[in-house]
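Reading through the C-alpha coordinates given below for one structure.
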Amino acid sequence: MADVFGNGTNAGRRIDHVLHPAEVTILGVGNVILSDEGFGVRTAEYLDAHYDFPEGVQIVDGGTLGIELTQYVTGTDKLLIIDSINGGAEPGTLFRFHNDAVMEHFQEKISAHEVGIQDVLALLTVTGHKIPEVVVIGAQPYDLSAGVGLSDGMARLLPHMAEQALAELRSWGIVPKEKDAAEPLDFHVVAEEAVREGR
(Lines give C-alpha, C1' and ligand atoms only; values in the text may rest on other atoms or scores of the structure.)
Protein backbone atom coordinates (compact mmCIF):
# COMPACT_ATOMS: atom_id res chain seq x y z
CA MET A 1 0.00 0.00 0.00
CA ALA A 2 2.89 2.39 0.62
CA ASP A 3 3.46 3.13 -3.07
CA VAL A 4 -0.23 3.92 -3.67
CA PHE A 5 -0.10 7.16 -1.69
CA GLY A 6 2.75 9.19 -3.04
CA ASN A 7 3.96 12.64 -2.20
CA GLY A 8 3.24 15.92 -3.92
CA THR A 9 0.90 16.37 -6.89
CA ASN A 10 0.80 12.69 -7.83
CA ALA A 11 -0.99 11.67 -4.64
CA GLY A 12 -4.47 12.52 -5.92
CA ARG A 13 -3.89 10.76 -9.25
CA ARG A 14 -2.72 7.59 -7.49
CA ILE A 15 -5.79 7.59 -5.26
CA ASP A 16 -7.96 7.65 -8.38
CA HIS A 17 -6.48 4.30 -9.40
CA VAL A 18 -7.67 2.47 -6.28
CA LEU A 19 -11.30 3.54 -6.18
CA HIS A 20 -14.18 1.21 -5.40
CA PRO A 21 -16.74 3.88 -6.26
CA ALA A 22 -20.20 3.71 -4.72
CA GLU A 23 -22.68 6.49 -4.13
CA VAL A 24 -23.24 5.30 -0.55
CA THR A 25 -20.83 3.30 1.63
CA ILE A 26 -21.78 1.59 4.88
CA LEU A 27 -18.54 0.99 6.78
CA GLY A 28 -18.51 -1.29 9.82
CA VAL A 29 -15.29 -1.00 11.85
CA GLY A 30 -13.88 -2.56 14.99
CA ASN A 31 -11.97 -5.51 16.39
CA VAL A 32 -14.23 -8.56 16.39
CA ILE A 33 -12.01 -10.52 18.80
CA LEU A 34 -12.53 -7.97 21.60
CA SER A 35 -16.23 -8.59 22.26
CA ASP A 36 -18.18 -5.31 21.97
CA GLU A 37 -15.31 -3.60 20.12
CA GLY A 38 -16.58 -5.49 17.07
CA PHE A 39 -20.06 -3.93 17.28
CA GLY A 40 -19.69 -1.91 14.08
CA VAL A 41 -18.67 -4.96 12.06
CA ARG A 42 -21.45 -7.06 13.61
CA THR A 43 -24.01 -4.40 12.74
CA ALA A 44 -22.79 -4.31 9.13
CA GLU A 45 -23.06 -8.11 9.07
CA TYR A 46 -26.62 -7.88 10.38
CA LEU A 47 -27.60 -5.38 7.70
CA ASP A 48 -26.02 -7.47 4.96
CA ALA A 49 -27.76 -10.63 6.16
CA HIS A 50 -31.22 -9.08 6.50
CA TYR A 51 -31.50 -6.54 3.66
CA ASP A 52 -30.94 -6.19 -0.06
CA PHE A 53 -29.48 -2.81 -0.94
CA PRO A 54 -29.98 -0.86 -4.17
CA GLU A 55 -27.23 -0.58 -6.75
CA GLY A 56 -24.77 2.11 -5.74
CA VAL A 57 -24.70 1.06 -2.09
CA GLN A 58 -21.77 -0.98 -0.75
CA ILE A 59 -21.22 -2.57 2.65
CA VAL A 60 -17.59 -2.67 3.74
CA ASP A 61 -16.24 -4.75 6.62
CA GLY A 62 -13.43 -2.42 7.59
CA GLY A 63 -12.37 -4.42 10.63
CA THR A 64 -9.31 -2.76 12.15
CA LEU A 65 -7.88 -1.43 8.90
CA GLY A 66 -6.57 2.12 8.89
CA ILE A 67 -5.34 4.12 5.92
CA GLU A 68 -5.96 1.09 3.65
CA LEU A 69 -9.67 1.92 3.85
CA THR A 70 -9.05 4.90 1.57
CA GLN A 71 -9.49 2.77 -1.54
CA TYR A 72 -12.94 1.63 -0.37
CA VAL A 73 -14.41 5.04 0.46
CA THR A 74 -12.80 7.37 -2.08
CA GLY A 75 -15.45 8.60 -4.49
CA THR A 76 -18.41 7.84 -2.27
CA ASP A 77 -20.88 10.70 -1.75
CA LYS A 78 -22.29 9.52 1.56
CA LEU A 79 -20.39 7.52 4.17
CA LEU A 80 -22.07 5.85 7.15
CA ILE A 81 -19.55 4.56 9.71
CA ILE A 82 -20.77 2.16 12.41
CA ASP A 83 -18.48 1.66 15.39
CA SER A 84 -18.23 0.80 19.06
CA ILE A 85 -17.87 4.24 20.64
CA ASN A 86 -16.22 4.68 24.01
CA GLY A 87 -17.60 8.07 24.92
CA GLY A 88 -17.32 7.64 28.68
CA ALA A 89 -21.08 7.18 28.99
CA GLU A 90 -23.24 4.42 30.44
CA PRO A 91 -22.94 1.12 28.53
CA GLY A 92 -25.49 0.96 25.75
CA THR A 93 -25.62 4.74 25.22
CA LEU A 94 -26.13 5.53 21.53
CA PHE A 95 -24.06 8.13 19.70
CA ARG A 96 -24.33 10.00 16.42
CA PHE A 97 -21.78 12.36 14.86
CA HIS A 98 -22.27 14.27 11.60
CA ASN A 99 -19.72 15.90 9.26
CA ASP A 100 -17.45 18.29 11.24
CA ALA A 101 -18.34 16.59 14.52
CA VAL A 102 -16.97 13.32 13.07
CA MET A 103 -13.41 14.65 12.95
CA GLU A 104 -13.77 16.17 16.41
CA HIS A 105 -14.83 12.75 17.71
CA PHE A 106 -11.95 10.87 16.12
CA GLN A 107 -9.36 13.42 17.27
CA GLU A 108 -10.03 12.29 20.84
CA LYS A 109 -9.65 8.57 20.12
CA ILE A 110 -6.53 6.46 20.31
CA SER A 111 -7.44 3.01 18.95
CA ALA A 112 -5.67 2.10 15.73
CA HIS A 113 -8.74 1.89 13.53
CA GLU A 114 -10.16 5.17 14.85
CA VAL A 115 -6.90 6.97 14.19
CA GLY A 116 -6.87 5.30 10.76
CA ILE A 117 -10.33 6.62 9.90
CA GLN A 118 -9.28 10.10 10.95
CA ASP A 119 -6.26 9.79 8.63
CA VAL A 120 -8.45 8.55 5.76
CA LEU A 121 -10.87 11.46 6.06
CA ALA A 122 -8.01 13.96 6.36
CA LEU A 123 -6.20 12.49 3.34
CA LEU A 124 -9.33 12.64 1.21
CA THR A 125 -9.87 16.26 2.19
CA VAL A 126 -6.34 17.44 1.33
CA THR A 127 -6.32 15.56 -1.99
CA GLY A 128 -9.63 17.02 -3.15
CA HIS A 129 -11.71 13.88 -2.53
CA LYS A 130 -13.57 15.03 0.59
CA ILE A 131 -16.71 12.99 1.23
CA PRO A 132 -19.65 15.42 1.22
CA GLU A 133 -21.73 13.59 3.84
CA VAL A 134 -20.25 11.57 6.72
CA VAL A 135 -22.20 10.16 9.66
CA VAL A 136 -20.84 8.02 12.50
CA ILE A 137 -23.24 6.01 14.67
CA GLY A 138 -22.46 3.59 17.46
CA ALA A 139 -22.93 2.60 21.07
CA GLN A 140 -20.96 2.64 24.30
CA PRO A 141 -19.60 -0.90 24.84
CA TYR A 142 -20.34 -3.08 27.84
CA ASP A 143 -17.37 -5.44 27.53
CA LEU A 144 -14.03 -5.09 25.72
CA SER A 145 -12.42 -8.31 26.95
CA ALA A 146 -11.17 -10.98 24.56
CA GLY A 147 -13.96 -12.87 22.85
CA VAL A 148 -15.58 -13.11 19.43
CA GLY A 149 -19.17 -12.63 20.60
CA LEU A 150 -20.96 -9.48 21.72
CA SER A 151 -22.02 -9.09 25.33
CA ASP A 152 -25.71 -9.73 26.02
CA GLY A 153 -26.37 -6.02 26.38
CA MET A 154 -24.66 -5.13 23.11
CA ALA A 155 -26.31 -8.02 21.28
CA ARG A 156 -29.72 -6.64 22.33
CA LEU A 157 -28.73 -3.29 20.83
CA LEU A 158 -27.86 -4.79 17.45
CA PRO A 159 -31.35 -4.56 15.87
CA HIS A 160 -31.76 -1.02 17.25
CA MET A 161 -28.44 0.07 15.74
CA ALA A 162 -29.40 -1.55 12.43
CA GLU A 163 -32.66 0.43 12.50
CA GLN A 164 -30.73 3.63 13.21
CA ALA A 165 -28.52 2.87 10.21
CA LEU A 166 -31.62 2.29 8.07
CA ALA A 167 -33.05 5.62 9.25
CA GLU A 168 -29.85 7.39 8.16
CA LEU A 169 -30.06 5.66 4.79
CA ARG A 170 -33.72 6.60 4.36
CA SER A 171 -32.79 10.23 5.00
CA TRP A 172 -30.44 9.86 2.02
CA GLY A 173 -33.18 8.38 -0.14
CA ILE A 174 -31.93 4.80 0.23
CA VAL A 175 -34.63 2.24 1.03
CA PRO A 176 -33.27 -1.33 1.23
CA LYS A 177 -35.61 -4.28 0.85
CA GLU A 178 -35.92 -6.66 3.78
CA LYS A 179 -35.07 -10.24 2.84
CA ASP A 180 -37.69 -12.94 3.33
CA ALA A 181 -35.16 -14.83 5.44
CA ALA A 182 -31.73 -13.85 6.73
CA GLU A 183 -29.00 -15.18 4.46
CA PRO A 184 -25.46 -16.31 5.25
CA LEU A 185 -23.13 -13.35 5.50
CA ASP A 186 -21.82 -12.22 2.14
CA PHE A 187 -20.22 -8.78 2.17
CA HIS A 188 -20.28 -6.74 -1.00
CA VAL A 189 -16.72 -5.75 -0.12
CA VAL A 190 -14.63 -7.33 2.63
CA ALA A 191 -11.84 -4.84 3.04
CA GLU A 192 -9.42 -6.81 5.19
CA GLU A 193 -9.56 -9.86 2.92
CA ALA A 194 -9.15 -7.71 -0.17
CA VAL A 195 -6.06 -6.02 1.25
CA ARG A 196 -4.54 -9.36 2.24
CA GLU A 197 -5.13 -10.64 -1.31
CA GLY A 198 -3.58 -7.52 -2.81
CA ARG A 199 -6.72 -6.21 -4.47
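A compact table of results
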read-out: Glu193 at pLDDT below 85, of a type in the set (D, E, K, R) and under 26 Å from His50 (Cβ atoms); value: yes
read-out: Long-range neighbours under 8 Å by Cβ, at least six apart or interchain, first residue open to solvent by 50 Å² or more (accessible area, probe 1.4 Å) within the range 153-172, second not in a helix (DSSP H, G or I) and not aromatic (Phe, Trp, Tyr); value: His160/Leu94
read-out: Residue count, the range 46-60 (criterion: part of a helix (DSSP H, G or I) and either touching a helix residue (DSSP H, G or I) at 6+ places or on another chain (Cβ under 9 Å) or within 15 Å of Arg156 (Cα to Cα) (or both)); value: 3
read-out: Residue in the range 89-98 that is over 18 Å from the mean Cα position of the chain (by Cα), in a loop (DSSP other than H, G, I, E, B), at pLDDT below 90 and exposed (fewer than 14 other Cβ atoms within 10 Å of the Cβ) present; value: no
read-out: Tally of residues being open to solvent by less than 20 Å² (accessible area, probe 1.4 Å), of a type in the set (Val, Ile, Thr) and under 24 Å from Leu144 (Cα atoms) across the range 65-88; value: 3
read-out: Which numbered condition Phe187 fails, given (1) modelled with pLDDT under 95; (2) open to solvent by less than 40 Å² (accessible area, probe 1.4 Å); (3) within 18 Å of Glu37 (Cβ to Cβ); value: (3)
read-out: Given (1) surrounded by 16 or more Cβ atoms within 10 Å (Cβ to Cβ); (2) at pLDDT 90 or above; (3) assigned to a helix (DSSP H, G or I), number of the condition Leu150 does not satisfy; value: (3)
read-out: Residues of the range 18-45 that turn out to be assigned to a loop (DSSP other than H, G, I, E, B) and either of a type in the set (A, V, I, L, M) or open to solvent by 10 Å² or more (accessible area, probe 1.4 Å) (or both), as a count; value: 9
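The values are calculated or read from the model by the stated rules, or taken from the named source; none is laboratory data. These numbers were taken from a predicted model, which means no experiment stands behind them. All Cβ positions, even for glycine, are placed from backbone atoms using ideal geometry, and neighbour counts span all protein chains on display. We work out accessible area using only protein heavy atoms, side chains counted, and drop any ligands, DNA or RNA first. Shrake-Rupley method; radii C 1.70, N 1.55, O 1.52, S 1.80 Å.
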